Amino acid sequence: MQSSGAASPEQADYQSASEGASDDDQSDHEPLYRRQPAWQDNDDAMLQISLKQTNRLRKLRKSEDEDIINGKEYEHRLRTQYIKMHALPSWAELPSEQSARKRKSADSDDDDDERWSEEDPVDDTVRRDLLNSTVGILEHRRNALMLSPDHLSIDRAKDANIMARSSDIIKSVQFHPNAQVLLTAGFDKTLRLFQIDGKVNHKIQSIRFKDLRIHKAQFHPSGDQIIVTGRSRAYYIYDVQAGKVERCPGIWGRKEKSLEKFSLSPCGRYMAFAGDNGNIIIVSYLTKQMIGSVRMNDVVTSMDWSSDGKYLYSSGMRGEIYQWDVAERSCLRQWIDDGSLGTTSLAVSPNEKYYAAGSSSGVVNIYDQSVLANNVTRPTPYKAVNNLTTSINCIKFNHDSQILAISSSLKKDQLKLVHVPSKRVFVNWPTERTPLGRVTCMDFSPTSEYLAIGNRRGKVLLYNIKDYAFH
(Lines give C-alpha, C1' and ligand atoms only; values in the text may rest on other atoms or scores of the structure.)
Protein backbone atom coordinates (compact mmCIF):
# COMPACT_ATOMS: atom_id res chain seq x y z
CA MET A 1 0.00 0.00 0.00
CA GLN A 2 1.22 3.42 -0.88
CA SER A 3 0.03 6.80 0.27
CA SER A 4 0.57 10.38 -0.76
CA GLY A 5 -0.07 13.99 0.17
CA ALA A 6 -2.88 16.05 -1.19
CA ALA A 7 -2.75 17.52 -4.65
CA SER A 8 -4.06 21.07 -4.43
CA PRO A 9 -6.38 21.85 -7.34
CA GLU A 10 -5.50 24.80 -9.49
CA GLN A 11 -7.72 26.85 -11.68
CA ALA A 12 -7.72 25.34 -15.15
CA ASP A 13 -6.46 26.99 -18.28
CA TYR A 14 -9.59 26.45 -20.25
CA GLN A 15 -11.88 28.31 -22.56
CA SER A 16 -15.66 28.25 -22.43
CA ALA A 17 -17.49 28.09 -25.72
CA SER A 18 -21.06 28.48 -26.92
CA GLU A 19 -21.31 26.88 -30.30
CA GLY A 20 -24.33 27.03 -32.52
CA ALA A 21 -25.30 24.50 -35.13
CA SER A 22 -23.00 23.93 -38.09
CA ASP A 23 -23.64 25.59 -41.43
CA ASP A 24 -25.18 22.36 -42.69
CA ASP A 25 -27.66 22.30 -39.82
CA GLN A 26 -29.16 25.80 -39.96
CA SER A 27 -29.82 28.57 -42.42
CA ASP A 28 -28.23 32.00 -42.40
CA HIS A 29 -31.56 33.62 -41.56
CA GLU A 30 -33.08 31.78 -38.63
CA PRO A 31 -31.75 30.15 -35.43
CA LEU A 32 -32.28 26.39 -35.50
CA TYR A 33 -34.09 26.17 -32.20
CA ARG A 34 -36.74 28.69 -33.32
CA ARG A 35 -37.82 26.52 -36.21
CA GLN A 36 -40.25 23.62 -36.01
CA PRO A 37 -38.55 20.31 -35.20
CA ALA A 38 -37.65 18.44 -38.38
CA TRP A 39 -38.41 15.12 -36.72
CA GLN A 40 -41.57 14.16 -34.88
CA ASP A 41 -42.42 10.93 -33.04
CA ASN A 42 -45.86 10.06 -34.37
CA ASP A 43 -46.34 7.47 -31.63
CA ASP A 44 -46.76 10.29 -29.11
CA ALA A 45 -49.93 11.46 -30.80
CA MET A 46 -51.29 7.91 -31.07
CA LEU A 47 -51.03 7.19 -27.35
CA GLN A 48 -54.29 7.50 -25.38
CA ILE A 49 -53.92 8.18 -21.65
CA SER A 50 -56.69 8.35 -19.08
CA LEU A 51 -56.33 11.04 -16.42
CA LYS A 52 -59.03 9.47 -14.25
CA GLN A 53 -57.45 6.04 -13.88
CA THR A 54 -55.06 6.83 -11.04
CA ASN A 55 -54.92 9.48 -8.35
CA ARG A 56 -51.49 10.75 -9.39
CA LEU A 57 -52.75 11.65 -12.89
CA ARG A 58 -55.85 13.52 -11.76
CA LYS A 59 -53.78 16.56 -10.85
CA LEU A 60 -52.97 16.95 -14.56
CA ARG A 61 -56.61 17.59 -15.51
CA LYS A 62 -57.74 21.08 -16.52
CA SER A 63 -61.33 20.31 -15.53
CA GLU A 64 -63.01 17.62 -13.43
CA ASP A 65 -64.68 16.07 -16.46
CA GLU A 66 -61.52 15.75 -18.54
CA ASP A 67 -60.27 12.21 -19.11
CA ILE A 68 -58.49 11.06 -22.30
CA ILE A 69 -55.51 12.97 -23.75
CA ASN A 70 -52.83 11.94 -26.24
CA GLY A 71 -49.18 11.27 -25.50
CA LYS A 72 -47.92 14.68 -26.62
CA GLU A 73 -50.32 16.57 -24.38
CA TYR A 74 -49.56 14.17 -21.52
CA GLU A 75 -45.83 14.87 -21.77
CA HIS A 76 -46.45 18.64 -21.94
CA ARG A 77 -48.57 18.58 -18.78
CA LEU A 78 -45.99 16.48 -16.95
CA ARG A 79 -43.37 19.07 -17.81
CA THR A 80 -45.60 21.91 -16.64
CA GLN A 81 -46.35 20.13 -13.37
CA TYR A 82 -42.67 19.44 -12.81
CA ILE A 83 -41.74 23.09 -13.32
CA LYS A 84 -44.31 24.15 -10.72
CA MET A 85 -42.87 21.77 -8.13
CA HIS A 86 -39.12 22.03 -8.75
CA ALA A 87 -36.70 24.89 -9.18
CA LEU A 88 -34.64 24.93 -12.35
CA PRO A 89 -31.04 23.76 -11.68
CA SER A 90 -28.66 26.66 -12.19
CA TRP A 91 -26.27 24.56 -14.25
CA ALA A 92 -29.02 23.88 -16.79
CA GLU A 93 -29.81 27.55 -17.46
CA LEU A 94 -29.29 28.98 -20.89
CA PRO A 95 -26.45 31.51 -21.11
CA SER A 96 -28.98 34.26 -21.85
CA GLU A 97 -30.96 33.33 -18.73
CA GLN A 98 -27.82 33.36 -16.61
CA SER A 99 -27.02 36.84 -17.86
CA ALA A 100 -30.56 38.09 -17.26
CA ARG A 101 -30.58 36.70 -13.73
CA LYS A 102 -27.26 38.41 -12.99
CA ARG A 103 -28.53 41.75 -14.31
CA LYS A 104 -31.62 41.55 -12.13
CA SER A 105 -29.65 40.82 -8.99
CA ALA A 106 -29.43 43.95 -6.83
CA ASP A 107 -25.93 43.30 -5.64
CA SER A 108 -24.44 41.93 -8.84
CA ASP A 109 -21.68 43.74 -10.68
CA ASP A 110 -20.73 43.57 -14.35
CA ASP A 111 -18.57 40.51 -14.85
CA ASP A 112 -15.74 41.02 -17.32
CA ASP A 113 -14.99 37.32 -17.08
CA GLU A 114 -18.37 36.13 -18.37
CA ARG A 115 -18.01 32.42 -18.92
CA TRP A 116 -20.65 31.95 -21.56
CA SER A 117 -21.30 34.12 -24.59
CA GLU A 118 -24.83 35.28 -25.33
CA GLU A 119 -27.23 33.11 -27.28
CA ASP A 120 -30.56 34.10 -28.82
CA PRO A 121 -33.34 33.80 -26.23
CA VAL A 122 -35.93 31.09 -26.75
CA ASP A 123 -39.61 31.08 -25.87
CA ASP A 124 -40.96 29.37 -22.76
CA THR A 125 -42.18 26.20 -24.47
CA VAL A 126 -38.81 25.49 -26.08
CA ARG A 127 -37.01 26.45 -22.88
CA ARG A 128 -39.00 23.91 -20.89
CA ASP A 129 -38.22 21.18 -23.40
CA LEU A 130 -34.57 22.15 -23.23
CA LEU A 131 -33.97 22.60 -19.55
CA ASN A 132 -36.09 20.18 -17.54
CA SER A 133 -33.55 17.86 -15.98
CA THR A 134 -35.58 14.91 -14.75
CA VAL A 135 -38.95 15.02 -16.45
CA GLY A 136 -37.79 12.53 -19.09
CA ILE A 137 -37.32 9.82 -16.48
CA LEU A 138 -40.93 8.99 -15.80
CA GLU A 139 -42.21 6.94 -12.93
CA HIS A 140 -44.08 4.50 -15.15
CA ARG A 141 -40.86 3.53 -16.92
CA ARG A 142 -39.31 2.05 -13.81
CA ASN A 143 -41.44 -1.08 -13.81
CA ALA A 144 -39.77 -4.35 -14.74
CA LEU A 145 -39.77 -5.22 -18.44
CA MET A 146 -38.87 -8.52 -20.05
CA LEU A 147 -37.46 -7.93 -23.51
CA SER A 148 -38.17 -10.33 -26.32
CA PRO A 149 -34.97 -11.80 -27.82
CA ASP A 150 -36.60 -11.99 -31.25
CA HIS A 151 -37.07 -8.31 -32.01
CA LEU A 152 -35.86 -5.00 -30.61
CA SER A 153 -38.09 -2.01 -31.36
CA ILE A 154 -35.59 0.74 -32.14
CA ASP A 155 -35.73 3.88 -34.28
CA ARG A 156 -33.20 6.53 -35.18
CA ALA A 157 -33.69 9.94 -33.61
CA LYS A 158 -31.97 13.24 -34.36
CA ASP A 159 -28.22 13.01 -33.77
CA ALA A 160 -27.51 13.85 -30.14
CA ASN A 161 -24.94 16.49 -31.08
CA ILE A 162 -26.60 17.86 -34.20
CA MET A 163 -26.64 21.35 -32.64
CA ALA A 164 -22.85 21.30 -32.19
CA ARG A 165 -21.02 18.50 -33.92
CA SER A 166 -17.41 17.72 -33.12
CA SER A 167 -14.68 18.39 -35.65
CA ASP A 168 -12.75 15.31 -34.55
CA ILE A 169 -13.11 11.83 -33.05
CA ILE A 170 -15.67 11.37 -30.27
CA LYS A 171 -14.01 9.52 -27.37
CA SER A 172 -16.70 9.68 -24.67
CA VAL A 173 -20.48 9.81 -24.51
CA GLN A 174 -22.37 9.43 -21.24
CA PHE A 175 -25.86 10.19 -20.01
CA HIS A 176 -26.33 12.11 -16.78
CA PRO A 177 -27.30 9.64 -14.01
CA ASN A 178 -30.51 11.49 -13.13
CA ALA A 179 -31.39 13.66 -16.11
CA GLN A 180 -32.04 13.64 -19.84
CA VAL A 181 -28.63 15.22 -20.41
CA LEU A 182 -25.75 13.77 -22.43
CA LEU A 183 -22.07 14.68 -22.35
CA THR A 184 -19.84 14.31 -25.39
CA ALA A 185 -16.07 14.78 -25.53
CA GLY A 186 -13.16 13.95 -27.78
CA PHE A 187 -10.12 14.98 -29.72
CA ASP A 188 -11.47 18.46 -30.56
CA LYS A 189 -10.66 19.32 -26.90
CA THR A 190 -14.27 20.21 -26.14
CA LEU A 191 -16.71 18.89 -23.55
CA ARG A 192 -20.34 19.49 -24.48
CA LEU A 193 -23.65 18.95 -22.69
CA PHE A 194 -26.90 18.36 -24.58
CA GLN A 195 -30.51 18.20 -23.41
CA ILE A 196 -31.81 15.02 -25.02
CA ASP A 197 -35.38 14.84 -26.29
CA GLY A 198 -34.72 12.99 -29.54
CA LYS A 199 -36.22 15.81 -31.58
CA VAL A 200 -34.04 18.91 -31.20
CA ASN A 201 -31.38 17.96 -28.62
CA HIS A 202 -30.43 21.49 -27.64
CA LYS A 203 -26.87 22.20 -26.59
CA ILE A 204 -26.74 23.43 -23.00
CA GLN A 205 -23.08 24.41 -22.73
CA SER A 206 -19.57 23.56 -23.86
CA ILE A 207 -16.09 23.90 -22.40
CA ARG A 208 -12.93 23.88 -24.48
CA PHE A 209 -9.64 22.71 -22.93
CA LYS A 210 -6.77 24.43 -24.71
CA ASP A 211 -4.10 21.94 -23.69
CA LEU A 212 -5.94 18.61 -23.71
CA ARG A 213 -7.23 16.26 -26.38
CA ILE A 214 -9.90 14.53 -24.33
CA HIS A 215 -9.60 10.74 -24.11
CA LYS A 216 -12.30 10.25 -21.50
CA ALA A 217 -14.97 12.23 -19.66
CA GLN A 218 -17.26 10.77 -17.01
CA PHE A 219 -19.99 12.09 -14.72
CA HIS A 220 -19.55 11.67 -11.00
CA PRO A 221 -22.47 9.48 -9.78
CA SER A 222 -23.98 12.56 -8.13
CA GLY A 223 -24.18 14.23 -11.54
CA ASP A 224 -22.68 17.43 -10.14
CA GLN A 225 -19.17 17.09 -11.59
CA ILE A 226 -17.42 15.68 -14.65
CA ILE A 227 -13.90 14.21 -14.66
CA VAL A 228 -11.93 14.89 -17.85
CA THR A 229 -8.66 13.17 -18.79
CA GLY A 230 -6.25 12.98 -21.70
CA ARG A 231 -2.66 12.13 -22.50
CA SER A 232 -1.34 14.31 -19.70
CA ARG A 233 -0.20 14.08 -16.09
CA ALA A 234 -2.96 16.51 -15.14
CA TYR A 235 -6.67 15.87 -15.14
CA TYR A 236 -9.64 18.22 -14.82
CA ILE A 237 -12.84 18.33 -12.81
CA TYR A 238 -15.69 20.39 -14.19
CA ASP A 239 -18.22 21.54 -11.59
CA VAL A 240 -21.54 21.49 -13.42
CA GLN A 241 -23.34 23.49 -10.76
CA ALA A 242 -20.75 26.26 -10.45
CA GLY A 243 -19.64 26.28 -14.09
CA LYS A 244 -15.97 26.12 -13.05
CA VAL A 245 -13.06 23.89 -13.98
CA GLU A 246 -10.31 22.81 -11.61
CA ARG A 247 -6.99 21.45 -12.80
CA CYS A 248 -5.52 18.63 -10.71
CA PRO A 249 -1.78 18.56 -11.54
CA GLY A 250 -1.26 14.82 -11.42
CA ILE A 251 -1.10 12.40 -8.51
CA TRP A 252 1.42 13.39 -5.88
CA GLY A 253 4.20 10.82 -5.55
CA ARG A 254 3.56 9.23 -8.96
CA LYS A 255 5.58 9.71 -12.13
CA GLU A 256 3.02 8.63 -14.72
CA LYS A 257 3.07 10.93 -17.74
CA SER A 258 -0.49 10.09 -18.76
CA LEU A 259 -3.69 9.57 -16.78
CA GLU A 260 -5.95 9.15 -19.81
CA LYS A 261 -7.36 5.79 -18.70
CA PHE A 262 -9.47 5.88 -15.53
CA SER A 263 -12.67 4.54 -14.01
CA LEU A 264 -14.87 6.15 -11.36
CA SER A 265 -16.55 3.90 -8.79
CA PRO A 266 -20.39 3.84 -8.75
CA CYS A 267 -20.31 4.87 -5.07
CA GLY A 268 -18.40 8.02 -6.07
CA ARG A 269 -15.64 7.52 -3.48
CA TYR A 270 -12.80 6.31 -5.70
CA MET A 271 -11.04 6.97 -8.97
CA ALA A 272 -8.86 4.22 -10.42
CA PHE A 273 -6.15 5.33 -12.87
CA ALA A 274 -4.19 2.96 -15.10
CA GLY A 275 -0.54 3.62 -14.31
CA ASP A 276 2.79 2.37 -15.62
CA ASN A 277 4.01 -1.22 -15.40
CA GLY A 278 0.62 -2.75 -14.58
CA ASN A 279 -0.08 -0.43 -11.64
CA ILE A 280 -3.60 0.72 -10.86
CA ILE A 281 -3.61 3.86 -8.71
CA ILE A 282 -6.61 4.24 -6.41
CA VAL A 283 -7.39 7.87 -5.56
CA SER A 284 -9.88 9.29 -3.06
CA TYR A 285 -12.36 11.44 -4.94
CA LEU A 286 -12.86 13.64 -1.89
CA THR A 287 -9.21 14.50 -1.21
CA LYS A 288 -7.66 13.70 -4.62
CA GLN A 289 -5.00 11.79 -2.67
CA MET A 290 -3.68 8.40 -3.64
CA ILE A 291 -4.87 5.97 -0.99
CA GLY A 292 -3.08 2.96 -2.44
CA SER A 293 -2.28 0.96 -5.53
CA VAL A 294 -2.46 -2.59 -6.86
CA ARG A 295 -0.37 -4.19 -9.57
CA MET A 296 -1.12 -6.59 -12.40
CA ASN A 297 1.46 -8.68 -14.22
CA ASP A 298 0.46 -6.98 -17.43
CA VAL A 299 -0.44 -3.70 -19.10
CA VAL A 300 -3.82 -2.42 -17.87
CA THR A 301 -6.31 -2.34 -20.74
CA SER A 302 -9.66 -1.84 -18.99
CA MET A 303 -11.29 -1.44 -15.57
CA ASP A 304 -14.78 -1.64 -14.08
CA TRP A 305 -16.39 -1.78 -10.64
CA SER A 306 -18.91 -3.65 -8.56
CA SER A 307 -22.03 -1.57 -7.97
CA ASP A 308 -21.08 -0.82 -4.34
CA GLY A 309 -17.49 0.16 -5.16
CA LYS A 310 -15.99 -2.55 -2.95
CA TYR A 311 -14.44 -4.48 -5.82
CA LEU A 312 -12.45 -3.35 -8.84
CA TYR A 313 -12.02 -5.52 -11.93
CA SER A 314 -9.18 -5.11 -14.42
CA SER A 315 -7.93 -6.78 -17.58
CA GLY A 316 -4.69 -6.98 -19.53
CA MET A 317 -3.23 -7.88 -22.91
CA ARG A 318 -2.28 -11.38 -21.77
CA GLY A 319 -5.93 -12.30 -21.43
CA GLU A 320 -6.07 -12.28 -17.64
CA ILE A 321 -8.84 -10.73 -15.53
CA TYR A 322 -8.41 -9.65 -11.91
CA GLN A 323 -10.82 -8.96 -9.06
CA TRP A 324 -9.44 -6.58 -6.40
CA ASP A 325 -10.60 -5.82 -2.87
CA VAL A 326 -10.35 -2.03 -2.83
CA ALA A 327 -10.22 -1.64 0.96
CA GLU A 328 -7.50 -4.25 1.39
CA ARG A 329 -5.74 -3.48 -1.89
CA SER A 330 -5.44 -7.21 -2.51
CA CYS A 331 -6.21 -9.58 -5.38
CA LEU A 332 -9.17 -11.83 -4.58
CA ARG A 333 -9.37 -13.72 -7.86
CA GLN A 334 -7.58 -14.03 -11.16
CA TRP A 335 -8.78 -15.97 -14.17
CA ILE A 336 -7.91 -16.56 -17.81
CA ASP A 337 -10.30 -15.08 -20.36
CA ASP A 338 -11.25 -18.11 -22.44
CA GLY A 339 -9.44 -18.20 -25.79
CA SER A 340 -8.28 -14.60 -25.49
CA LEU A 341 -4.96 -13.44 -26.90
CA GLY A 342 -5.55 -10.08 -25.24
CA THR A 343 -8.49 -8.68 -23.28
CA THR A 344 -9.17 -5.17 -24.53
CA SER A 345 -12.44 -4.22 -22.81
CA LEU A 346 -14.25 -5.18 -19.61
CA ALA A 347 -17.72 -4.55 -18.16
CA VAL A 348 -19.67 -5.66 -15.08
CA SER A 349 -23.46 -5.74 -15.37
CA PRO A 350 -25.44 -3.44 -13.03
CA ASN A 351 -27.04 -6.44 -11.32
CA GLU A 352 -23.56 -8.04 -11.01
CA LYS A 353 -24.78 -11.31 -12.50
CA TYR A 354 -22.64 -11.01 -15.62
CA TYR A 355 -19.06 -10.10 -16.50
CA ALA A 356 -18.19 -9.36 -20.13
CA ALA A 357 -14.69 -9.35 -21.62
CA GLY A 358 -13.88 -8.23 -25.16
CA SER A 359 -10.76 -9.46 -26.91
CA SER A 360 -8.32 -8.37 -29.60
CA SER A 361 -9.79 -11.04 -31.91
CA GLY A 362 -13.32 -9.61 -31.70
CA VAL A 363 -14.76 -12.32 -29.45
CA VAL A 364 -16.72 -11.17 -26.40
CA ASN A 365 -17.03 -13.67 -23.56
CA ILE A 366 -19.90 -13.26 -21.11
CA TYR A 367 -19.40 -14.96 -17.74
CA ASP A 368 -21.97 -15.55 -15.02
CA GLN A 369 -21.40 -15.52 -11.26
CA SER A 370 -19.77 -18.96 -11.31
CA VAL A 371 -16.62 -17.17 -12.43
CA LEU A 372 -16.24 -15.94 -8.85
CA ALA A 373 -16.18 -19.43 -7.36
CA ASN A 374 -13.01 -20.36 -5.49
CA ASN A 375 -10.16 -21.99 -7.39
CA VAL A 376 -11.69 -21.33 -10.82
CA THR A 377 -8.87 -20.10 -13.04
CA ARG A 378 -10.17 -21.13 -16.48
CA PRO A 379 -13.94 -20.63 -16.39
CA THR A 380 -16.23 -21.56 -19.26
CA PRO A 381 -18.11 -18.55 -20.65
CA TYR A 382 -21.86 -18.30 -20.16
CA LYS A 383 -21.86 -17.12 -23.79
CA ALA A 384 -19.14 -16.43 -26.37
CA VAL A 385 -20.25 -13.79 -28.90
CA ASN A 386 -18.42 -14.27 -32.20
CA ASN A 387 -20.23 -11.76 -34.42
CA LEU A 388 -17.37 -9.24 -34.65
CA THR A 389 -13.94 -10.04 -36.06
CA THR A 390 -11.76 -7.07 -35.06
CA SER A 391 -10.52 -5.85 -31.68
CA ILE A 392 -13.28 -4.87 -29.25
CA ASN A 393 -12.99 -1.28 -28.06
CA CYS A 394 -16.23 -0.85 -26.09
CA ILE A 395 -18.75 -3.02 -24.24
CA LYS A 396 -21.68 -1.69 -22.24
CA PHE A 397 -24.60 -3.23 -20.33
CA ASN A 398 -27.90 -1.36 -20.19
CA HIS A 399 -29.54 -0.43 -16.89
CA ASP A 400 -31.41 -3.70 -16.27
CA SER A 401 -28.62 -5.94 -17.60
CA GLN A 402 -30.77 -7.39 -20.39
CA ILE A 403 -28.80 -5.82 -23.25
CA LEU A 404 -25.06 -5.90 -23.85
CA ALA A 405 -23.74 -3.56 -26.55
CA ILE A 406 -20.38 -4.46 -28.11
CA SER A 407 -18.36 -2.60 -30.73
CA SER A 408 -15.08 -2.40 -32.63
CA SER A 409 -13.66 0.80 -34.08
CA LEU A 410 -11.31 -0.84 -36.58
CA LYS A 411 -13.98 -1.32 -39.24
CA LYS A 412 -17.17 0.53 -40.17
CA ASP A 413 -20.53 -0.40 -38.67
CA GLN A 414 -19.14 -2.91 -36.17
CA LEU A 415 -21.72 -2.96 -33.38
CA LYS A 416 -24.02 -5.66 -32.03
CA LEU A 417 -26.62 -5.86 -29.28
CA VAL A 418 -26.87 -9.08 -27.27
CA HIS A 419 -30.01 -10.21 -25.43
CA VAL A 420 -28.19 -11.48 -22.35
CA PRO A 421 -30.87 -13.72 -20.72
CA SER A 422 -31.35 -15.76 -23.92
CA LYS A 423 -27.68 -15.55 -25.04
CA ARG A 424 -28.83 -14.37 -28.47
CA VAL A 425 -27.77 -11.46 -30.65
CA PHE A 426 -30.63 -9.25 -31.86
CA VAL A 427 -30.96 -9.97 -35.58
CA ASN A 428 -33.18 -7.06 -36.63
CA TRP A 429 -30.78 -4.27 -35.62
CA PRO A 430 -28.35 -2.96 -36.66
CA THR A 431 -28.82 -3.85 -40.31
CA GLU A 432 -26.34 -3.54 -43.17
CA ARG A 433 -27.86 -0.14 -43.95
CA THR A 434 -27.52 1.30 -40.43
CA PRO A 435 -25.00 4.17 -40.87
CA LEU A 436 -22.94 3.78 -37.69
CA GLY A 437 -19.51 4.60 -39.09
CA ARG A 438 -16.52 3.54 -37.01
CA VAL A 439 -17.91 3.31 -33.49
CA THR A 440 -15.66 4.73 -30.76
CA CYS A 441 -17.96 4.86 -27.70
CA MET A 442 -21.56 4.35 -26.62
CA ASP A 443 -23.91 4.63 -23.66
CA PHE A 444 -27.48 3.82 -22.66
CA SER A 445 -29.66 6.43 -20.97
CA PRO A 446 -30.60 5.73 -17.30
CA THR A 447 -33.78 3.88 -18.27
CA SER A 448 -32.46 2.61 -21.64
CA GLU A 449 -34.89 4.73 -23.64
CA TYR A 450 -31.94 5.98 -25.69
CA LEU A 451 -28.69 4.56 -27.01
CA ALA A 452 -26.02 7.13 -27.93
CA ILE A 453 -23.18 6.09 -30.26
CA GLY A 454 -20.08 8.20 -30.92
CA ASN A 455 -17.91 7.70 -33.99
CA ARG A 456 -14.68 8.82 -35.63
CA ARG A 457 -16.43 11.46 -37.76
CA GLY A 458 -17.48 13.52 -34.75
CA LYS A 459 -21.11 12.44 -34.80
CA VAL A 460 -23.10 11.13 -31.86
CA LEU A 461 -25.91 9.03 -33.27
CA LEU A 462 -29.03 8.66 -31.16
CA TYR A 463 -31.45 5.73 -31.22
CA ASN A 464 -34.75 5.43 -29.38
CA ILE A 465 -35.32 1.95 -27.91
CA LYS A 466 -39.09 1.98 -27.96
CA ASP A 467 -39.45 -1.15 -25.83
CA TYR A 468 -38.31 1.01 -22.91
CA ALA A 469 -39.68 4.37 -24.05
CA PHE A 470 -43.21 4.09 -22.67
CA HIS A 471 -42.82 1.30 -20.14
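The values are calculated or read from the model by the stated rules, or taken from the named source; none is laboratory data. Everything numeric here is computed off the predicted structure, so don't read it as measured data. Ideal geometry is used to build each Cβ from the backbone, glycine not excepted, and the neighbour counts take in all protein chains shown.
Picking from SER293, SER302, which residue would you name as being in a strand (DSSP E or B) and either under 26 Å from ASP338 (Cα atoms) or touching a helix residue (DSSP H, G or I) at 6+ places or on another chain (Cβ under 8 Å) (or both)?
SER302
Go through the stretch 213-268 and report how many residues are within 19 Å of PRO177 (Cβ to Cβ), touching a Ser or Thr at 6+ places or on another chain (Cβ under 6 Å) and of a type in the set (Ser, Thr, Tyr).
The qualifying residues number 0.
With respect to the numbered conditions (1) at negative phi; (2) surrounded by 20 or more Cβ atoms within 10 Å (Cβ to Cβ), which one is the sole condition not fulfilled by VAL425?
(2)
Does PRO446 meet the test of being at pLDDT 95 or above, more than 17 Å from LEU388 (Cα to Cα) and assigned to a loop (DSSP other than H, G, I, E, B)?
yes
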